[in-house]
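The values are calculated or read from the model by the stated rules, or taken from the named source; none is laboratory data. From a predicted model like this one, the values you see are computed outputs, not experimental measurements. Cβ placement follows ideal geometry from the backbone for every residue including glycine, while neighbour counts extend to all protein chains displayed. Accessible surface areas use protein heavy atoms only, side chains included; no ligands, DNA or RNA. Shrake-Rupley method; radii C 1.70, N 1.55, O 1.52, S 1.80 Å.
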There are 2 protein chains.
Amino acid sequence: MILCDIGNTHLHFYNQKSIWRVLPEHLNKSFLNDEIYYISVCREYEERLLKMSKRCCNVGSLISIDTSYAGLGVDRRAACVSVRDGVVIDAGSAITIDIMEDSTHLGGCILPGLYAYSNAFAEISPALKKPLHFQVSLEDLPQATQDAMSFGVLKGISLLVADMAKDKKIYITGGDGKFFSKLLPNSIYDEMLIFRGMEACIQKAIQKGVL
Amino acid sequence: MILCDIGNTHLHFYNQKSIWRVLPEHLNKSFLNDEIYYISVCREYEERLLKMSKRCCNVGSLISIDTSYAGLGVDRRAACVSVRDGVVIDAGSAITIDIMEDSTHLGGCILPGLYAYSNAFAEISPALKKPLHFQVSLEDLPQATQDAMSFGVLKGISLLVADMAKDKKIYITGGDGKFFSKLLPNSIYDEMLIFRGMEACIQKAIQKGVL
């Protein structure tokens, strides 16, 4: 069994042994040699996968969570489903921040991902076409453009997460997750978060005989 | 005398009576019937102005401020120059947040402007191609996508400004300035901030005989 999480930039795979990700244009059949259970937030990339393998099953409808949120993305549901109490951050193309309490999803918010921030700056002015500086101090007021951009983005996100988290533990996944886990106190990086949620929902469905 | 502040989106004008702004493609000679003293952060738009009127004088070098910041944009210097103590926010194409104390610039940071945030979201996914909702509650956890995006951006900016401001008064200018002045406690909107700074520096230069 291969699990696949189709995002807005990459397709992420897990085959019970290792995790890997590919850009849609680099998809190839050689590693799709088993039944694929997938979730998707991108119809175009989903169709690319379906063209590549006939043994694909969209398990999105199995990933359910107790929430009042209208239209919570399937990747966010999967990331949240295995966290009883805590803040769940997926730092990928977008950054989503969700709050779980007693296995209930209380709500959440969305920010652009770090790559999207960089692009946004670059489009405003050539003077802002600079990579973010991940080691910028968040204690000292910036004294140059690159630090000023990096501080604005990273300090803003840190303060937002701290305000939403209060004393909850923070679980982080996604391409920039490892970086954010170093930035945010009381947080751990878990690259398996979405896949573990998918696995739990698939197991439950198998037990119930609906899969 | 007409003052002009050339930004990354608009050219802003002030003729001692009123303030107006135009997109560079809508520039026309009819209202450029006097000596124009200007500052610019956009070479392309500056050239358009220079083609339109021969009576233009770049006063950027006159707008000086006590700071250790390397390469502080001339519009930020102009906005800060007339604030002795306080936080200076210019909410335009980009959002700049600068700290003044005893007429010294202590540093500052940069975020994308609200329009750039909207574009960034739209480029991540069609699901995020929604306008920001300016009336979103910043007290309640969002329960839908549009609120989630708006909360992420506006609560993040509010917390960042509050953290940087501490108990300082907040002075806001720029196209989204009026909106932010309602959002941020202890703040006032001042559409003249940059022009007042320019005026003060021009007056000083005239008195010194360098203009």
In region A:66-92, how many are more than 15 Å from A:GLU199 (Cβ to Cβ) and without any contact (Cβ under 8 Å) to a residue 60 or more places away in the chain? 10
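Could you pull out the residue among B:SER53, B:SER82, B:SER30, B:SER40 that is of a type outside the set (Asp, Glu) and within 14 Å of another protein chain (Cβ to nearest Cβ)? Explain how you work it out, then say what you get.
Values: B:SER53 fails: within 14 Å of another protein chain (Cβ to nearest Cβ); B:SER82 fails: within 14 Å of another protein chain (Cβ to nearest Cβ); B:SER30 fails: within 14 Å of another protein chain (Cβ to nearest Cβ).
Sole residue among the options that is of a type outside the set (Asp, Glu) and within 14 Å of another protein chain (Cβ to nearest Cβ): B:SER40.
Which of the residues that make up region A:27-54 are assigned to a helix (DSSP H, G or I) and either of a type in the set (S, T, N, Q) or open to solvent by 50 Å² or more (accessible area, probe 1.4 Å) (or both)? Talk me through it step by step, then tell me what you get.
Here is the first cut: in region A:27-54, the ones assigned to a helix (DSSP H, G or I) are A:29-31, A:43-52.
Of everything in region A:27-54, those that are assigned to a helix (DSSP H, G or I) and either of a type in the set (S, T, N, Q) or open to solvent by 50 Å² or more (accessible area, probe 1.4 Å) (or both) turn out to be A:LYS29, A:SER30, A:ARG43, A:GLU44, A:GLU47, A:ARG48, A:LEU50, A:LYS51, A:MET52.
This table checks each residue for (1) farther than 21 Å from B:TYR115 by Cα; (2) among the hydroxyl-bearing types (Ser, Thr, Tyr); (3) without any contact (Cβ under 8 Å) to a residue 24 or more places away in the chain.
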position	(1), (2), (3)
B:GLY175	no, no, no
B:PHE179	no, no, no
B:ILE188	yes, no, yes
B:MET192	yes, no, no
B:PHE195	yes, no, no
B:GLU199	yes, no, no
B:ILE206	yes, no, yes
B:LEU211	yes, no, no
For region B:55-81, the count of residues that are more than 21 Å from B:LEU211 (Cα to Cα) and part of a helix (DSSP H, G or I) equals 2
In region A:63-77, is there at least one residue being in contact with a His (Cβ under 8 Å, 6 or more places away or on another chain) and open to solvent by less than 20 Å² (accessible area, probe 1.4 Å)? yes
Return the residue satisfying two criteria in turn: it lies in region A:133-170 and is crowded, with 19+ Cβ neighbours inside 10 Å and away from chain B (no Cβ under 11 Å), and of such residues it is nearest to B:MET164 (Cα to Cα). A:ALA165
